[in-house]
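A short write-up of the structure that comes next.
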Amino acid sequence: RSAADLVAGQPAALRRVATLVARGSGPEEVYPAAVAELAGGLGMDHVALLQYCDDAAPVVLASRDPGGVPKLAVGERFWLDGSIVAGRVAATGAPARIDDYDAIDGATAARIRAMGIRSAVGAPITVGGQLRGVLVAGSTQPHAFGTETEAHVGDFADLVATAISNAETRAALTASRARIVTAADQARRGFER
């Protein structure tokens, strides 16, 4: 597919993910949909959604590759360093790219090369001003991505951030309701005594 065809497919792919978010679908449904739509809609060789953790070993939340066999398994963890896109996004909180992993040193970059990925672009997932993760698109070809790719990946990352925020808001509301019910029950028991 041509670059123009891929970009033309983005609004439909974004709309499908946005519909899930608007319906209040949980992250467990939005994560795989976002990576699948990004991979398919923009013709990416590899897409992964990673959550940053305190121990510098992000966890894979969703992954998609051609043929359906992911290069990264959900729940898998690996170490960050500045030699990979996820490490650069973690360090700066901004989109990042690596145009040729063959020019990058480090054990994690070697692992990325072993998966067949030669270039990558990543966009941060920020919720409430806090960096929570990264959405990464990779290619089997070096210098595969145009200048607009960060923005395209960022559009999907923003929808993932909205889904996370919505899920956390729903959880907080549910917890608040439970506290109110518990307090009302305790007050009623106190009056009955």
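The values are calculated or read from the model by the stated rules, or taken from the named source; none is laboratory data. All values derive from a computational prediction rather than experimental measurement. Don't worry about glycine lacking a Cβ; one is built from the backbone with ideal geometry, like all the others, and counts go over all protein chains shown. Heavy atoms of the whole protein, side chains included, go into the accessibility calculation; ligands, DNA and RNA do not. Shrake-Rupley method; radii C 1.70, N 1.55, O 1.52, S 1.80 Å.
Pairs please, first residue from the range 91-110 and over 24 Å from His152 (Cα atoms), second anywhere and hydroxyl-bearing (Ser, Thr, Tyr) and in a loop (DSSP other than H, G, I, E, B), Cβ atoms under 7 Å, 6+ apart in sequence or on different chains.
Listed pairs, sorted by first residue: Ile104/Ser83; Asp105/Ser83; Gly106/Ser83; Thr108/Ser83.
Across the range 79-89, what is the number of residues that are of a type outside the set (Phe, Trp, Tyr) and open to solvent by 40 Å² or more (accessible area, probe 1.4 Å)?
Initially, the range 79-89 is screened for residues of a type outside the set (Phe, Trp, Tyr), giving 80-89.
Filter once more, so that each one left must be open to solvent by 40 Å² or more (accessible area, probe 1.4 Å): 80-82, 88.
Residues flagged as of a type outside the set (Phe, Trp, Tyr) and open to solvent by 40 Å² or more (accessible area, probe 1.4 Å) within the range 79-89 amount to 4.
Taking the range 95-108, which residues are open to solvent by less than 40 Å² (accessible area, probe 1.4 Å) and not in a loop (DSSP other than H, G, I, E, B)?
Scanning the range 95-108 gives Ala96, Ile98, Tyr101, Thr108.
Results for (1) closer than 23 Å to Ala12 by Cα; (2) over 16 Å from the mean Cα position of the chain (by Cα); (3) open to solvent by less than 50 Å² (accessible area, probe 1.4 Å); (4) acidic (Asp, Glu), shown as yes or no for each residue.
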site: Pro32; (1), (2), (3), (4): yes, no, no, no
site: Leu49; (1), (2), (3), (4): yes, no, yes, no
site: Ala57; (1), (2), (3), (4): no, no, yes, no
site: Lys71; (1), (2), (3), (4): no, no, no, no
site: Arg77; (1), (2), (3), (4): no, no, no, no
site: Gly93; (1), (2), (3), (4): no, no, yes, no
site: Leu135; (1), (2), (3), (4): yes, no, yes, no
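Can you tell me which residues in the range 117-143 are under 18 Å from Val35 (Cα atoms) and out of contact with any helix residue (DSSP H, G or I) (no Cβ under 7 Å at 6 or more places or on another chain)?
Those that are under 18 Å from Val35 (Cα atoms) and out of contact with any helix residue (DSSP H, G or I) (no Cβ under 7 Å at 6 or more places or on another chain): Gly133, Gly138, Ser139, Thr140.
Consider only pairs whose beta carbons are under 7 Å apart and that are at least six residues apart or on different chains; among these, list those whose first residue lies in the range 135-156 and is among the aliphatic types (A, V, I, L, M) and whose second residue is open to solvent by less than 50 Å² (accessible area, probe 1.4 Å) and part of a loop (DSSP other than H, G, I, E, B).
Note: pairs meeting the criteria are Ala137/Met44.
Only one of (1) more than 18 Å from the chain's Cα centre (by Cα); (2) crowded, with 17+ Cβ neighbours inside 10 Å is not met by Gly122, so which one is it?
If we test Gly122 against (1) more than 18 Å from the chain's Cα centre (by Cα); (2) crowded, with 17+ Cβ neighbours inside 10 Å, just (1) comes out false.
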